[in-house]
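Here the structure is laid out as structure tokens; the discussion comes afterwards.
The values are calculated or read from the model by the stated rules, or taken from the named source; none is laboratory data. Everything numeric in this text was worked out from a predicted model, so none of it was measured. With ideal geometry, Cβ positions are generated from the backbone for all residues, glycine too; neighbour counts draw on all protein chains shown.
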Amino acid sequence: MSTRYRVEWYPGTDRLHGVCHCGADHFADDPGRMWQWLLAHPVGHQLADLPLDDACADPDHRVSIDIE
């Protein structure tokens, strides 16, 4: 069984949206902090703690990367 993480980037912003293999998600502006959060599973894996702003609200304007 593989472990899958997803990181979405919203062009025009520094906002990253990470989704852990357990389904928890998190928003961060720093890639290092995003990876620390993803790899710390299950520590801190609750509901997202930073809301999307208007620039990130459209799901058609994001870049997704799945990593297994």
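Taking region 5-24 as the range and being assigned to a loop (DSSP other than H, G, I, E, B) and either in contact with a Ser or Thr (Cβ under 6 Å, 6 or more places away or on another chain) or charged (D, E, K, R) (or both) as the test, the residues that pass are ASP14, ARG15, HIS21. Checking every residue in region 6-25 against the condition of being surrounded by fewer than 15 Cβ atoms within 10 Å (Cβ to Cβ), at pLDDT 80 or above and in contact with a helix residue (DSSP H, G or I) (Cβ under 7 Å, 6 or more places away or on another chain) gives at least one match.
Going through region 26-49 one residue at a time, which ones are of a type in the set (A, V, I, L, M) and either loosely packed, with under 13 Cβ neighbours inside 10 Å or modelled with pLDDT of 90 or more (or both)?
Of everything in region 26-49, those that are of a type in the set (A, V, I, L, M) and either loosely packed, with under 13 Cβ neighbours inside 10 Å or modelled with pLDDT of 90 or more (or both) turn out to be ALA28, MET34, LEU39, ALA40, VAL43, LEU47.
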